[in-house]
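Before I ask anything, let me first share the structure, which is written out below as structure tokens.
The values are calculated or read from the model by the stated rules, or taken from the named source; none is laboratory data. Note that the coordinates shown come from a computational prediction; the quantities given were computed from them, not determined experimentally. As a convention, Cβ positions derive from the backbone with ideal geometry for all residues, glycine included, and neighbour counts pool all protein chains shown. SASA here: full protein model, heavy atoms, side chains in, ligands and nucleic acids out. Shrake-Rupley method; radii C 1.70, N 1.55, O 1.52, S 1.80 Å.
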Amino acid sequence: NRKGITESARSITRALQSENSGAPVEEGQVSPAIFKDTFAQLSQLFDTRYGGFGRNQKFPRPHNMRYLLRHWKRTGDTSALKMVEETLQAMRRGGIYDQVGFGFHRYATDEAWKLPHFEKMLYDQALIAMAYIETYAATGKQFYADTAREIFSYVLRDMTSPEGLFYSAEDADSEGEEGLFYLWRADELERALGKKDAALIGQVFNVENSGNFLDEASGKKSGRNIFYRDADWDSLSKRSGLKRTELEMHIESARQRLFRLREERVHPFKDEKVLVDWNGLMIAALAMGGRLLNEPAYTEAAEKAADLILGKMRLKDGRLLHRWNRGDVGITGTLDDYAFLVWGLTELYQAGLDSSVLNAALELNTVMMEEFEDSGKGGFFLTAQGAENLLIRPKEIYDGAIPSGNSVALLNMLRLARLTGNSNLEKKAQSTADAFYSEVKKEPFGYTQFISGLDFALSEGYEIVIVGDPDAKDTGAMLSSLNHQFSPNAVVVLRTEEKDDDAITSLAPYTRFHTSIDGKATAYVCQNFSCNQPTTDVKKMLSLLNSGS
């Protein structure tokens, strides 16, 4: 329905109008006040010295940062963007990041991000990479793109099976000792690098002769060091007396030598189970990276993994299995498997604009609704109907280290509704929002993925239909320009116009009314399926997207 504004957007817009007019908001009705409350809580919990949220142990919580980016985009409040940037910069400098081999450890045991719990989880790499990628899109700062690329380097090098699926985790321990694989003695560095380069590494990464890493049992220095930086490259350049480019070149050369040396050590145990839900997150991250970082290899890796999961881990009736391990497939899929894989497929469609990928996302989303929906109270159960003999089927909404399946499903349905114009998906999204809103509004800090879904429904969203030959330069120029925008509440659909009833028009019927102008790539910038005049000019398209006019 080209004129059909989403039911969720209508509900939230009515609440906004009521709030602005001073009229009371009905109990249980979504109110835009929740966005103010969420931002206030995040601001209160933000660590202004070290970045991140809370004190003592620090978890990355990338969905907090992705929500803050949306808050900044919607309100223009630069303090939200500042919190994101300070946190991501501190994390990248800290010991929570593997400065030699890349990738993030699970969490920091201190407030300054220096001392990690050394386990590496696939879901962390995926979610954190998405936060860096979106911050790059929002700021244009290469630092964030480079960090995301390093994360993907680690995943594709160390966490990818020969077939192209993604392993679950690497343990913290090796040879019976936590972190041993990642720690260095000062004399070991000198033997490996020579006195001059070892001294430079020591200065940059805070190496001490007695070690900067404390023994967990005794609290005493262990003689070993974890690498972390306490300053940015410009400050370190002044300390060292080297130009920044020269310093970075020396450090990178030393890093590569240390990486080769470290590869000879006993590695931590690698959990080679392939889990559909965590693979869905990595597919989403790689697809986002392929699109926003202009790295086709990432999109190809995401496509390969998605094809394998759909081919190896989906039953003939369309239902998913949860786990694959060395060819052994089993365990009935959970809500997270469906929601996270649909997220991955939706991102993959945005990256490659292949209608078969969008169709797969819609099919799985349909199975999810059939198998997991709480038709009485709204939202989705964690387990499929009949999957387990439980007296009570649990439902979760808390966005902890991993966002909840319900939070992800909410945003999935809203995005798919906007891509296709399917009003039933809008109603299901509204039902999910209503089911959890009373709980969420009490402590919104714990539900930032869910609130990102509400932000998608409330903010000015766009459907951008590009009509053109996907291999033509003018089509590529339009798509490339869109990929240089931070537009979290926009969706893009490609119509090829190769035949009157092509694949995309069957999935998104409203696109059949969009045609090209004089055979040129043509953009339709629409809000709630009400479109501006089509244009073949990239600058005009971006102007319409950014101004809403």
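For segment 255-287, give me the residue count where each residue is among the hydrophobic types (A, V, I, L, M, F, W, C) and closer than 30 Å to L189 by Cβ.
Total meeting the criteria: 5.
Would you pick out the residues in segment 45-56 that are among the small types (G, A, S) and modelled with pLDDT under 95?
G54
Which residue pairs have Cβ atoms closer than 9 Å, lie 6 or more positions apart in sequence or on different chains, and pair a first residue in segment 22-48 that is over 30 Å from T87 (Cα atoms) with a second residue that is hydrophobic (A, V, I, L, M, F, W, C) and at pLDDT below 80?
V25/A15; E26/A15; Q29/I12; Q29/A15
Might you check whether a residue that is in a strand (DSSP E or B), within 28 Å of N424 (Cα to Cα) and either within 29 Å of the chain's Cα centre (by Cα) or free of Cβ contacts under 8 Å to residues at least 24 places away in the same chain (or both) occurs anywhere in segment 482-491?
Within segment 482-491, one or more residues are in a strand (DSSP E or B), within 28 Å of N424 (Cα to Cα) and either within 29 Å of the chain's Cα centre (by Cα) or free of Cβ contacts under 8 Å to residues at least 24 places away in the same chain (or both).
Pairs, please: C-beta under 7 Å, at least 6 apart or cross-chain, first residue among the basic types (K, R) and in segment 170-186, second outside any strand (DSSP E or B)?
R185/G223; R185/R224
Would you please list the contacts, defined by Cβ atoms under 7 Å and residues six or more apart or on different chains, that run from a residue in segment 104-118 that is in contact (Cβ under 8 Å) with a residue 12 or more places away in the chain and closer than 12 Å to A90 by Cβ to a residue that is open to solvent by less than 10 Å² (accessible area, probe 1.4 Å) and among the charged types (D, E, K, R)?
Close Cβ pairs (under 7 Å, with a partner that is open to solvent by less than 10 Å² (accessible area, probe 1.4 Å) and among the charged types (D, E, K, R)) amount to A108/K58; E111/D47; E111/K58; W113/K58.
Right, here's the next one. Write out, first by first residue and then by second, each pair whose Cβ atoms fall under 6 Å of each other, whose residues are 6+ apart or on separate chains, and whose first residue, in segment 57-79, is within 27 Å of A108 (Cα to Cα) while the second is open to solvent by less than 10 Å² (accessible area, probe 1.4 Å) and part of a loop (DSSP other than H, G, I, E, B).
K58/G52; K58/W113; H63/D399; H63/P403
Next question, about the same structure. The conditions are (1) more than 19 Å from the chain's Cα centre (by Cα); (2) crowded, with 22+ Cβ neighbours inside 10 Å, and F340 fails exactly one of them. Which is it?
That leaves (1) as the condition not met.
Being open to solvent by less than 60 Å² (accessible area, probe 1.4 Å) and of a type outside the set (A, V, I, L, M) is the filter here, so list the residues in segment 259-279 that pass it.
Scanning segment 259-279 gives F259, R262, R265, P268, K270, D271, E272, D277, W278, N279.
Look through segment 132-162, keep the residues that are of a type in the set (K, R) and in a helix (DSSP H, G or I), and return whichever of them is farthest from N294 (Cα to Cα).
Ranking the candidates gives R157 first.
When you scan segment 250-258, do you find a residue that is within 29 Å of N365 (Cβ to Cβ), in contact with an Asp or Glu (Cβ under 8 Å, 6 or more places away or on another chain) and either touching a residue at least 60 places away in the same chain (Cβ under 8 Å) or surrounded by fewer than 21 Cβ atoms within 10 Å (Cβ to Cβ) (or both), even just one?
Within segment 250-258 (the criterion being within 29 Å of N365 (Cβ to Cβ), in contact with an Asp or Glu (Cβ under 8 Å, 6 or more places away or on another chain) and either touching a residue at least 60 places away in the same chain (Cβ under 8 Å) or surrounded by fewer than 21 Cβ atoms within 10 Å (Cβ to Cβ) (or both)), the answer is no, since none of the residues qualifies.
Taking G378 as meeting all but one of (1) part of a helix (DSSP H, G or I); (2) open to solvent by less than 10 Å² (accessible area, probe 1.4 Å), write down the number of the exception.
Condition (1) is where G378 drops out.
Within segment 229-252, work out how many residues are within 18 Å of V207 (Cα to Cα), of a type in the set (S, T, Y) and out of contact with any helix residue (DSSP H, G or I) (no Cβ under 8 Å at 6 or more places or on another chain).
The qualifying residues number 1.
Sticking with this one: Can you tell me which residue in segment 57-79 is modelled with the lowest pLDDT, limited to those that are assigned to a loop (DSSP other than H, G, I, E, B) and more than 18 Å from A126 (Cα to Cα)?
Of the residues in segment 57-79, the ones assigned to a loop (DSSP other than H, G, I, E, B) are 57, 59-61, 76-77.
When the remaining residues are screened for being more than 18 Å from A126 (Cα to Cα), the result is 57, 76-77.
Values: Q57: 91, G76: 95, D77: 97.
It comes out as Q57.
With the requirement that a residue be aromatic (F, W, Y) and not in a loop (DSSP other than H, G, I, E, B), what does segment 204-257 give you? Break it down into steps so the answer makes sense when it comes.
Looking only at segment 204-257, we keep the residues that are aromatic (F, W, Y), and these are 205, 213, 227-228, 233.
Of everything in segment 204-257, those that are aromatic (F, W, Y) and not in a loop (DSSP other than H, G, I, E, B) turn out to be F205, W233.
Right, here's the next one. Can you give me the number of residues within segment 520-549 that are part of a loop (DSSP other than H, G, I, E, B) and open to solvent by less than 70 Å² (accessible area, probe 1.4 Å)?
7
Let me ask another. Which of the residues belonging to segment 280-308 are part of a loop (DSSP other than H, G, I, E, B) and either among the hydroxyl-bearing types (S, T, Y) or buried (at least 17 other Cβ atoms within 10 Å of the Cβ) (or both)? Reasoning before the result, please.
Pass one, segment 280-308, residues part of a loop (DSSP other than H, G, I, E, B): 293-295.
Residues satisfying the conditions are L293, E295.
May I ask you to verify whether K441 is touching a residue at least 12 places away in the same chain (Cβ under 8 Å), in contact with a helix residue (DSSP H, G or I) (Cβ under 6 Å, 6 or more places away or on another chain) and either open to solvent by less than 10 Å² (accessible area, probe 1.4 Å) or under 26 Å from Y349 (Cα atoms) (or both)?
Judged against the criteria, K441 is not a match.
Scan segment 388-410 residue by residue and report those that are surrounded by 23 or more Cβ atoms within 10 Å (Cβ to Cβ) and out of contact with any His (no Cβ under 9 Å at 6 or more places or on another chain).
Selection gives S404, G405, N406, V408, A409, L410.
Criterion first (of a type in the set (D, E, K, R), within 13 Å of I133 (Cα to Cα) and in contact (Cβ under 8 Å) with a residue 60 or more places away in the chain) does R262 satisfy it?
no
Residues of segment 29-56 being in a helix (DSSP H, G or I), surrounded by fewer than 24 Cβ atoms within 10 Å (Cβ to Cβ) and under 21 Å from the mean Cα position of the chain (by Cα), which ones?
Once the filter is applied, which keeps residues that are in a helix (DSSP H, G or I), surrounded by fewer than 24 Cβ atoms within 10 Å (Cβ to Cβ) and under 21 Å from the mean Cα position of the chain (by Cα), segment 29-56 yields F35, F39, L42.
Rundown of residues vs (1) part of a loop (DSSP other than H, G, I, E, B); (2) in contact (Cβ under 8 Å) with a residue 40 or more places away in the chain; (3) closer than 19 Å to E370 by Cα, yes/no style:
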site	(1), (2), (3)
P403	yes, yes, no
S407	no, yes, yes
L411	no, yes, yes
L416	no, yes, yes
L419	no, yes, no
E426	no, yes, yes
Q430	no, yes, yes
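Okay, next question. Which residues, taken from segment 225-249, are hydroxyl-bearing (S, T, Y) and either surrounded by 13 or more Cβ atoms within 10 Å (Cβ to Cβ) or at positive phi (or both)?
Y228, S237, S240
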